[in-house]
Amino acid sequence: MPCGEAGVFLAFDATTDFPIWYGGAEVFGWASRPIRVHLDAIQLRDCEGSIWTDDKLRVRVPGKTLAEYPLAQQKLKEAQLEANLNRAMAEIAGTAGEKLVIQTCTEDGKPEEIGGFSFSSLFDLLL
């Protein structure tokens, strides 16, 4: 790769990745404040072990959620991060309420795992 192409790539990468993944940005009225929540559920009764894991990744702050804050706070980074975190936690709580029940024990003495795949877990490979 010639030096010019490498420089263009690095400039593009720096202007897109750094603002998004290291604190977010606000461009054209769209707030981007990334948060990631990871949950591991462990069964302690009957047979002990991990039964469920979930990841939520939220990047863009939803306008409806942000509208719940006073107008003066809507532009604050802390309020935008809190709005994203509240939304992710509500989603995880809803999913956990539907899925989490005592699991039956397998022959090896571990609980059955609740299946699921999270695209957010792919970001672990990047960290």
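The values are calculated or read from the model by the stated rules, or taken from the named source; none is laboratory data. These numbers were taken from a predicted model, which means no experiment stands behind them. In this analysis, Cβ positions are derived from the backbone assuming ideal geometry, glycine residues included, and neighbour counts consider all displayed protein chains.
For this structure, a couple of remarks:
- Cross-chain or 6+ apart pairs with Cβ under 7 Å, segment 96-118 first and exposed (fewer than 14 other Cβ atoms within 10 Å of the Cβ), then of a type in the set (Val, Ile, Thr) and at pLDDT 80 or above: Glu112/Thr104; Glu112/Thr106
- Hits in segment 62-118 - residues which are of a type in the set (A, V, I, L, M, F, W, C) and more than 19 Å from the chain's Cα centre (by Cα): Ala67, Leu71, Ala72, Leu76, Leu100, Val101, Ile102, Cys105, Ile114
- Residue list for segment 66-101, restricted to those being part of a helix (DSSP H, G or I), within 26 Å of Ser50 (Cβ to Cβ) and in contact with a strand residue (DSSP E or B) (Cβ under 9 Å, 6 or more places away or on another chain): Leu85, Arg87, Ala88, Met89, Glu91, Ile92, Thr95, Ala96, Lys99
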